[in-house]
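Student: Take a look at the following structure, please.
The values are calculated or read from the model by the stated rules, or taken from the named source; none is laboratory data. If you're wondering where the values come from, they're calculated on a predicted model, not measured in any experiment. Neighbour counts are summed over all protein chains in view; Cβ atoms, including those assigned to glycine, are modelled from backbone coordinates with ideal geometry. Ligands, DNA and RNA are excluded from the accessible area calculation, which covers all protein heavy atoms including side chains. Shrake-Rupley method; radii C 1.70, N 1.55, O 1.52, S 1.80 Å.
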Amino acid sequence: MAERSRNAERWLRLTLRLDPAAVEVVVGDLWSLGTLGLEERQDGEEVVVEAFFPDSFGPKTVAGRALLGALESRVGVEVEALSAVAELDWLAEYRRLARPFLLGRLFVVDPREPGR
């Protein structure tokens, strides 16, 4: 486990701001280019898409340059950011933030693991 934390993986997060008409095609392109996952959310009249790629798929690689070039040439697509993201243990983060809560008047739910 300690070895993994010293060599923690990093991911690339590509943030795009899209015209709603471009979302379906761009999301399809991102999946075909190897995104590991993505998130879409409405932001006013535009849609923000965050796509995640392995760190090896960077802007200096041939594939990364091709992806950014293709996206930037599309009408209604703005490449907002390309940033590195360190791996996060989401379950450990959930456990750290989880708190007991009341459900109804008498039933208490404690989402933490026993003994924590």
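Student: Return yes when Arg6 is at pLDDT 90 or above, surrounded by fewer than 16 Cβ atoms within 10 Å (Cβ to Cβ) and charged (D, E, K, R) and no when it is not.
Tutor: no
Student: Going by the structure shown, is Val49 open to solvent by less than 20 Å² (accessible area, probe 1.4 Å) and either touching a residue at least 60 places away in the same chain (Cβ under 8 Å) or farther than 17 Å from Ala86 by Cα (or both)?
Tutor: yes
Student: Test Leu18 against the criterion of being closer than 20 Å to Ala86 by Cα and of a type in the set (A, V, I, L, M), and give yes or no.
Tutor: Here the answer is no, as Leu18 does not meet what is asked.
Student: In segment 72-109, how many residues are open to solvent by 80 Å² or more (accessible area, probe 1.4 Å) and touching a Lys or Arg at 6+ places or on another chain (Cβ under 7 Å)?
Tutor: The total comes to 2.
Student: Can I ask one more? Residues that are among the aliphatic types (A, V, I, L, M): find the strands (runs of 3 or more DSSP E) completely inside segment 9-116 holding 2 or more of those.
Tutor: Qualifying strands (runs of 3 or more DSSP E): 10-18, 46-54, 77-86, 101-103, 107-109.
Student: Test Ala70 against the criterion of being under 16 Å from the mean Cα position of the chain (by Cα) and of a type outside the set (D, E, K, R), and give yes or no.
Tutor: no
Student: Can you confirm whether segment 32-39 contains a residue that is at pLDDT 90 or above, open to solvent by less than 30 Å² (accessible area, probe 1.4 Å) and among the aliphatic types (A, V, I, L, M)?
Tutor: No, segment 32-39 contains no residue that is at pLDDT 90 or above, open to solvent by less than 30 Å² (accessible area, probe 1.4 Å) and among the aliphatic types (A, V, I, L, M).
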